[in-house]
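> So that we are looking at the same thing, I have put the structure below in structure tokens.
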Amino acid sequence: RTVNEIMTLIVGITGGIASGKTTISNFLKKKKYAVHESDAVVKKIYSKPTPKLIKHLKQINLSDSIKKNKINKVKIRKEIFNNKRKKMMLEKFIHKEVRISRNEFLKKHKTQKTKIVFLDIPLLFESFLEKKCNKTIFLYTPLALRKRRALNRKGMQRKILEKIIKSQLNDKTKKLRADYIVNTSKKKNKTFKDLLKTINIILENA
């Protein structure tokens, strides 16, 4: 690589449910970093459902979750965690939309020669998307604390939470696969400091 050639560094950020991914992404955006959040794309898909999504939900027998072009996510969650086939078919649709959005984001920043960008992907390792990244950061919070945080969320039920946790890789595996680990169970300022330190190390070693 010549000195003049600017390569965009792609850093994947991941962590289990309620490990502080959104907090970290918001902090990075405040610091003027480019961040692509998979969850934000999914949220948008559900809050502004396209005719394509409505059609897909009807095709896979999830019509119950549609009311006047509004989607009931709690109903969907309950339904798909009890039906593997429906879960798979819905995820296939959602993942494709997220992938299109992520690829557009990367293309734009590579064209603009952005120095470093972040991909916030909850299932980074589960989907083997670390292959897309130069480096990965795992946001670690002990499971008991994550459970407490998640159960404080509106509409979250213990049974569903257990199924979500079960569908994700365990922390031990993620720690082994990540390049860097940032502890997100400490005070926010300490976590942000650790994160910025990690980013500096990544940039220095690029």
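> Give just the number: which of (1) assigned to a helix (DSSP H, G or I); (2) surrounded by fewer than 16 Cβ atoms within 10 Å (Cβ to Cβ); (3) touching a Ser or Thr at 6+ places or on another chain (Cβ under 8 Å) does residue 74 not satisfy?
Failing condition for residue 74: (3).
> Taking the range 77-103 as the search range and keeping residues that are among the β-branched types (Val, Ile, Thr) and at pLDDT 90 or above, which one is nearest to residue 160 (Cα to Cα)?
Pass one, the range 77-103, residues among the β-branched types (Val, Ile, Thr): 80, 94, 98, 100.
Imposing the further condition that a residue be at pLDDT 90 or above reduces the set to 94, 98, 100.
Numbers: 94: 19, 98: 23, 100: 28 Å.
Residue satisfying both the conditions and the ranking: 94.
> Right, next: Any idea which residue in the range 31-47 is nearest to residue 76 (Cα to Cα), counting only those that are over 15 Å from the mean Cα position of the chain (by Cα) and in a helix (DSSP H, G or I)? Steps first, answer last, please.
Here is the first cut: in the range 31-47, the ones over 15 Å from the mean Cα position of the chain (by Cα) are 31-33, 46-47.
Checking which are in a helix (DSSP H, G or I) leaves us with 46-47.
Working: 46: 11, 47: 13 Å.
Filtering first and then ranking leaves 46.
> Quick one: residue 88 ticks every box in (1) closer than 22 Å to residue 26 by Cα; (2) surrounded by fewer than 18 Cβ atoms within 10 Å (Cβ to Cβ) except a single one, so which number is it?
Here residue 88 clears every test but (1).
> Answer yes or no as to whether residue 105 is among the hydrophobic types (A, V, I, L, M, F, W, C), in a helix (DSSP H, G or I) and under 17 Å from the mean Cα position of the chain (by Cα). Write out each step before concluding.
Details: among the hydrophobic types (A, V, I, L, M, F, W, C): yes; in a helix (DSSP H, G or I): yes; under 17 Å from the mean Cα position of the chain (by Cα): yes.
Yes.
> Which pairs do you get when a residue that is over 18 Å from residue 14 (Cα atoms), found in the range 144-170, comes within reach of a residue that is β-branched (Val, Ile, Thr) and assigned to a helix (DSSP H, G or I), reach meaning Cβ atoms under 8 angstrom, with the pair 6+ apart or on two chains?
Here the result reads 155/74, each pair linking the range 144-170 to a residue that is β-branched (Val, Ile, Thr) and assigned to a helix (DSSP H, G or I).
> If you scan the range 95-118, which residues turn out to be in contact (Cβ under 8 Å) with a residue 12 or more places away in the chain and open to solvent by 100 Å² or more (accessible area, probe 1.4 Å)? Show your work before the answer.
Within the range 95-118, the first condition is being in contact (Cβ under 8 Å) with a residue 12 or more places away in the chain, and the residues that meet it are 95, 97-98, 101-102, 105-106, 109-110, 113-118.
The answer is 110, 113, 115.
> Determine whether residue 81 is out of contact with any strand residue (DSSP E or B) (no Cβ under 8 Å at 6 or more places or on another chain), open to solvent by 50 Å² or more (accessible area, probe 1.4 Å) and aromatic (Phe, Trp, Tyr). Before you say what the answer is, go through the steps one by one.
On the way: out of contact with any strand residue (DSSP E or B) (no Cβ under 8 Å at 6 or more places or on another chain): yes; open to solvent by 50 Å² or more (accessible area, probe 1.4 Å): no; aromatic (Phe, Trp, Tyr): yes.
The answer is no for residue 81.
> Another question, then. Which residues, taken from the range 171-195, are in contact (Cβ under 8 Å) with a residue 24 or more places away in the chain and of a type in the set (A, V, I, L, M, F, W, C)? Give the steps one after another, and end with the answer.
Filtering the range 171-195 down to residues in contact (Cβ under 8 Å) with a residue 24 or more places away in the chain leaves 171, 173-175, 177-185, 188, 191-192, 195.
Result: 178, 181, 182, 192, 195.
> Within the range 10-29, is even one residue without any contact (Cβ under 8 Å) to a residue 40 or more places away in the chain, in a helix (DSSP H, G or I) and either open to solvent by less than 60 Å² (accessible area, probe 1.4 Å) or farther than 22 Å from residue 125 by Cβ (or both)?
For the range 10-29, residues without any contact (Cβ under 8 Å) to a residue 40 or more places away in the chain, in a helix (DSSP H, G or I) and either open to solvent by less than 60 Å² (accessible area, probe 1.4 Å) or farther than 22 Å from residue 125 by Cβ (or both): present.
> Suppose we filter the range 16-54 for residues that are farther than 23 Å from residue 185 by Cα and among the β-branched types (Val, Ile, Thr); how many remain?
5
> Here is a follow-up. Search the range 127-144 for residues being more than 19 Å from residue 182 (Cβ to Cβ) and in contact with a helix residue (DSSP H, G or I) (Cβ under 9 Å, 6 or more places away or on another chain), and hand back the single one that is least open to solvent (accessible area, probe 1.4 Å). It would help to see each step written out before you state the result.
Taking the range 127-144 first, the residues more than 19 Å from residue 182 (Cβ to Cβ) are 127-128, 131-132.
Next cut, in contact with a helix residue (DSSP H, G or I) (Cβ under 9 Å, 6 or more places away or on another chain) only: 127, 132.
Working: 127: 54, 132: 83 Å².
My answer is 127.
The values are calculated or read from the model by the stated rules, or taken from the named source; none is laboratory data. Since we're looking at a predicted model, the values are computed, not measured. All Cβ positions, even for glycine, are placed from backbone atoms using ideal geometry, and neighbour counts span all protein chains on display. To get the accessible areas, we keep the full protein, side chains included, count just its heavy atoms, and leave off ligands, DNA and RNA. Shrake-Rupley method; radii C 1.70, N 1.55, O 1.52, S 1.80 Å.
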